[in-house]
1. When the residues of the range 55-64 are filtered to those that are at pLDDT 85 or above and under 17 Å from the mean Cα position of the chain (by Cα), which remaining residue is surrounded by the fewest Cβ atoms within 10 Å (Cβ to Cβ)?
2. For the range 30-45, which residues satisfy the criterion of being surrounded by fewer than 11 Cβ atoms within 10 Å (Cβ to Cβ), in a loop (DSSP other than H, G, I, E, B) and at pLDDT 90 or above?
Amino acid sequence: MSGSNANWRTKQSNNSAYRKKYQRQKRVKQKQMAIEHLGSHCQKCGWSFEVIDVYDFHHLDPNEKEHKIAGMFGRYSWEKIKKELDK
């Protein structure tokens, strides 16, 4: 393996790690925004939680559902996520 090829693989690996970190940060930020958009508390029990992993999102009317909300974080724009949350 030549030196330039190994260097390319290192850059590719570093970019992959960077992308994963960026996507994780984007998912967390969008989920936090979604929680705040919906009132910062559980719609079923009314409790608020500091740990955002506790929150789950479900459509009130599954027939209106275009996307699974949890799968949208980090992949879609905030506007598209907000539109789905409002359903």
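1. Only one residue fits best here, namely D56.
2. Residue satisfying the conditions is G39 alone.
The values are calculated or read from the model by the stated rules, or taken from the named source; none is laboratory data. Being a predicted model, the structure only gives us computed values, none of them experimental. Note: ideal-geometry Cβ built from the backbone for every residue, glycine included; neighbour counts use all protein chains shown.
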